[in-house]
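Written out below as C-alpha cells is the structure these notes cover.
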Amino acid sequence: MALKDTFTGILEQKKNPASEPPLPLTRAEMDSVEGELTTITARLESERKNREGIGRFFKHPLTVLTEQPVNILIACVPLALIVFIGGFISMVKMYGIKVLFTSTVIDDFAILAVLICIIPVAILDFREQRRITNLEEALPNFFRDLAGMNDSGMTLPNAVHLVAGAEYGTLTPHIRKLDNEMSWGIGFVEGMHRFGKSLGTPLADRSVDLIAKASKAGGDISEVLRAAASDTFEVVNLAQERRNNMLIYVIIVLVSWAVFMFVIAVLVSSFLSTMATAGMAAQATTASSKFMGRIDLPAYKRLFSHAAMIQGFFSGLCAGQMGEGRVVAGLKYSALMLIISWVVFRFFI
C-alpha cells in the first residue's frame, strides 16, 4: 500500500541519515494516500455510529432494549398500538361503529395494549432492582475484606487476588474481572473506576470514586476502604429500613383497591340487579313506569369496570412511589390489579 510504503521510507530515512533524501511523491501516490486516509476515516465514522444512537440499536437490538427497563418501550409501544388499532378497525368493520357503545371488546383490546406496554417494563425493572440490591448488599463485605488483607501487609493487587477467590454472590464476577485486569498491569485506581462502571449503581459509583481519590492522594487506603464499607452498609440498611416502614402503606393501597372491588361486586350483584329486575317489571304497567326508570345494568357494569381498572392502575403507581421511591416500581402492582379487575368483571360480575 502507498501509505505503508511512505511510512517505511520515512523510517528508513531516519535510520540512514546519510543516505539521499527520498524523491517527492508523485501525483498518483498523493491521490492513493488521500484515498486510503478517506477510507480509514469513513470506517472509523461508521464504527462510531455503530457504538451509539440508532446504529447501535440496529446492530445490537436486544442489548439496547434490555440495558435499561424503559428502553423496552421502543418495541412495546408500537406493538401495543398495532394490537389496539388493529382490533378497533376489525371490530368496527364487522359490527359497525355502534360496537363502541354496545360491546366491551374494545375495552379488552385497550387493556391488552396497556398490559403489553407495562408488563415487560415491570419485569425488567424488578430484575434490575434485584441485581442492584444484591450488588450493594455485598459491597460492604468486599471493602471490609480488602481493607483487612491490606492491613496484613499485602499489596492491593495481591489483596484483590485473594479476595476474588471468595464468594460474594452477584458481585463475585465483577471482583474476578477486577483481579484479571489488575493482573494484566492495570493500576488499582483505573481498575476501581472500571469496577464501579461495570456495577452501574449510584452507591457503587460514590464508593469507588472515594476510594480512587483517596488512593491518588496517598492516604491510608485501609482506613478509606473501611469508611467506604461503613458508608455502603449504612446506606443499604437505611434503604431496607425504609422499605420495611413503608410496606404497611403499600398494603393499605392494595387493600383499599380490594375493598373498592368488593363494594362494586356487592352493589352490582344485589342492588343494581334488583333495581334492573324491578325496572323491567315496571315497564308492564303504565302507572309504575312513570315513577321508576329503566336500569341499564350492562352500562353500569362497564362503567364500574373502567373505574376499577383506572383505580388499580394508578393505585399501583402510588404503591411503587411510597414503597420504593420510584413510580416505575409500581408497574408490577398496576399490571397485577389490571389483570384481576379484567378477570373479575369479564367472568364473575
**Fill in**
Of the residues in the stretch 184-197, those that are surrounded by fewer than 14 Cβ atoms within 10 Å (Cβ to Cβ) and either at positive phi or part of a helix (DSSP H, G or I) (or both) number 3
**Asked** Taking the stated definitions as given, is Ala212 assigned by TED's automatic domain parsing to the domain that holds Asp151, crowded, with 18+ Cβ neighbours inside 10 Å and at pLDDT below 80?
**Response** yes
**Asked** Can you find even one residue in the stretch 301-309 that is at pLDDT 85 or above, within 21 Å of Thr104 (Cα to Cα) and of a type in the set (Ser, Thr, Tyr)?
**Response** yes
**Message:** Looking only at the stretch 211-233, count every residue that is hydrophobic (A, V, I, L, M, F, W, C) and either farther than 20 Å from Asn141 by Cβ or free of Cβ contacts under 8 Å to residues at least 12 places away in the same chain (or both) and tell me the total.
**Reply:** 2
**Item:** Members of the stretch 284-300 that are at pLDDT below 80 and exposed (fewer than 12 other Cβ atoms within 10 Å of the Cβ)
**Value:** Ala284, Thr285, Thr286, Ala287, Lys290, Phe291, Gly293
**Asked** Does Met154 count as at negative phi and surrounded by 20 or more Cβ atoms within 10 Å (Cβ to Cβ)?
**Response** no
**Fill in**
Those residues of the stretch 110-137 which are within 19 Å of Ala239 (Cα to Cα) and buried (at least 20 other Cβ atoms within 10 Å of the Cβ) amount to Asp125, Leu135, Glu136
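The values are calculated or read from the model by the stated rules, or taken from the named source; none is laboratory data. None of these values were measured; they are calculated from a predicted model. FYI the Cβ positions are ideal-geometry reconstructions off the backbone, even for glycines, and counts take in every protein chain you see.
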